[in-house]
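Q: For reference, the structure I am asking about is given below.
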Amino acid sequence: MSSASSPPASSSNRVSKRQNLLYILIALLSLCGLADAIYLTVEHITGQSVRCTIIAGCSEVLSSSYAVVGGFPLASIGALAYFGVFCLAILTLFGYRMAGSLLSPLVTGMCFVSIWLIYLQAFVIHAFCQFCLLSAAITFGLTALVIVLWRIGRHTRI
């Protein structure tokens with residue numbers, strides 16, 4: 001009888017290890033986004049011009065009216081969001097499951113904002129910023145990881 005109960009326990013342990021790995025990846029990826037957003041925030045606050053090395057257009061995007069929201073650099077709001085994702089992922093790793101449930105809506109919101117900002121760059125500003133596109137790519141990566149977490153969680157409840 002004990003051998004019959006072992007496979008579900010080991011299966012549950014594998015799922016838990018996968019989920020933990022995904023939360024670690026989310027935390028690491030959010031730190032990359034945080035670094036990008038802090039860089040853009042510091043450059044904005046100090047009045048420095050951000051140099052694009054891969055594509056041209058950073059100055060047009062970052063000096064547009066869309067780069068500031070309510071008097072705050074948009075990048076600083078992004079930094080707060082990335083920091084929030086990092087904190088929620090770490091808290092979840094330490095057993096605070098409520099933090100994991102808050103991660104999905106935060107990352108979903110970030111994904112929609114990224115889509116909106118890419119739209120603005122393409123069709124309103126007519127220029128792209130490589131640092132903004134990097135942030136969007138990181139956000140899309142976070143979204144993919146959260147979807148994988150959701151799918152794993154959904155399959156373990158069934």
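Q: Limited to region 116-143, what total is found for residues that are exposed (fewer than 13 other Cβ atoms within 10 Å of the Cβ) and not aromatic (Phe, Trp, Tyr)?
A: The qualifying residues number 3.
Q: Same structure, new question: Quick one: is Ser76 hydroxyl-bearing (Ser, Thr, Tyr), free of Cβ contacts under 8 Å to residues at least 60 places away in the same chain, in a helix (DSSP H, G or I) and under 22 Å from Ile55 (Cα atoms)?
A: no
Q: Kindly indicate whether Gly84 is buried (at least 19 other Cβ atoms within 10 Å of the Cβ) and at pLDDT 95 or above.
A: Here the answer is no, as Gly84 does not meet what is asked.
Q: Got a number for residues in region 114-158 being touching a residue at least 24 places away in the same chain (Cβ under 8 Å) and among the β-branched types (Val, Ile, Thr)?
A: So the answer is 9.
Q: Something else: Filter region 41-55 down to residues that are among the aliphatic types (A, V, I, L, M) and part of a loop (DSSP other than H, G, I, E, B) and give me whichever is nearest to Tyr66 (Cα to Cα).
A: Looking at residues that are among the aliphatic types (A, V, I, L, M) and part of a loop (DSSP other than H, G, I, E, B), I get Val50.
Q: Name, by its number, the condition in (1) part of a loop (DSSP other than H, G, I, E, B); (2) touching a Phe, Trp or Tyr at 6+ places or on another chain (Cβ under 8 Å) that does not hold for Val61.
A: Exception for Val61: condition (1).
The values are calculated or read from the model by the stated rules, or taken from the named source; none is laboratory data. None of the values given here were measured: they were computed from a predicted structure. Cβ: placed from backbone, ideal geometry, glycine included. Neighbour counts: every protein chain shown.
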